[in-house]
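K.L.:
Got a structure for you, questions after.
Any read-out appearing in this document is the output of simple, stated calculations on the displayed coordinates, not a laboratory observation. Everything numeric here is computed off the predicted structure, so don't read it as measured data. For neighbour counting, all protein chains shown are included, and Cβ atoms are generated from backbone atoms with ideal geometry for every residue, glycine included.
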Amino acid sequence: MYLNSLSSLGTRIKWTIVFNRLAQFQMEKLVKQVITGIGIAVGVTASCIALYLLMREEKDESEIWNDVRTTRQTFVKVKVPKDSIGAVIGRGGEMIKDIQEKTNTKVKFEDLCDSEMARNAVIRGTPEDVIEAEALIRKIILNQASVDQIFIPFEAIGFVIGKNGESIRNITEGSGAKVTIGRNTGKGPRAVTIKGSSQQIAIAKSLIDERLQMSELRNQRSRLDTTVQDLEKALGVDRNSITDTSV
């Protein structure tokens, strides 16, 4: 009986040790899970917070930059000849879309009247972007341009050019064509090269012709004054001594 009791006690002690070890193992496992879970939670939370703050900072900077760009918005109008509008827009609008994407601008064409020979392209964006877009559009127009040449009398060159080049600038701006006067050193007729669309060339020629007519009228008046003075000298008439008797 003593042996049986001893055996029973040994068995209970054995199972107690087993249960204790099992309980300890489960507890350690649970603690590790808790710690790992907390670590993961903390790590995820920290990562999310860091990512949020980083994205928020970038968003704030982006918003500030957009605000700056918005306050610096401007626009400019570029005259596009009728026969160059298609080239500027491109097939299916591809060219104008490409210009807008490259320069970060918005380009829209104003309505065109039948009597007008050009259509305004309105470019909107920051000053730097607008300048870039305008340069691209003007480059397309020039690539579509043709060249013509006329000759003007030597005595009319100064009148066509104007004081400090004012007249030739007005002709260029009024027509949209590029007008270049040759640099001949002689006194013969001077070549004038006009580059632009057919409409631009026609306008430039018309403006140059107006200046030539004004130059011719001025020359006729000058010749007439010279003739009158020569006649007065021949007749011995003193203009200052003539009294107006019409009063």
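K.L.:
If a/c stays under 1.5 just call it rounded; otherwise compare a/b with b/c (prolate if a/b is bigger, oblate if not). Do that for region 74-143, with a ≥ b ≥ c from the square roots of the Cα gyration tensor eigenvalues. Present the calculation step by step, with values, prior to reporting the outcome.
P.N.:
Numbers: a/c = 1.79, a/b = 1.39, b/c = 1.29.
It is prolate, given that a/c is not under 1.5 and a/b is the larger ratio.
K.L.:
Using a Förster distance of 41 angstrom, determine the FRET efficiency expected from the C-beta separation of D225 and K178, and round it to 0.05.
P.N.:
Numbers: r = 37 Å, r/R0 = 0.91.
Efficiency at R0 = 41 Å is approximately 0.65.
K.L.:
Moving on to the next point. Report relative contact order for region 74-143 in percent, whole number only (criteria: Cα-Cα under 8 Å, sequence separation at least 6). It would help to have the intermediate numbers written out before the result.
P.N.:
On the way: 101 pairs, mean separation 30.5, N = 70.
Taking the mean separation of contacting Cα pairs over the length of region 74-143, I get 44 percent.
K.L.:
Shape of region 90-241 from its Cα gyration tensor (a ≥ b ≥ c, root eigenvalues): rounded if a/c is under 1.5, otherwise prolate when a/b > b/c, or oblate? Walk me through the numbers on the way to the answer.
P.N.:
Values: a/c = 3.43, a/b = 3.00, b/c = 1.14.
Note, shape of region 90-241 comes out prolate.
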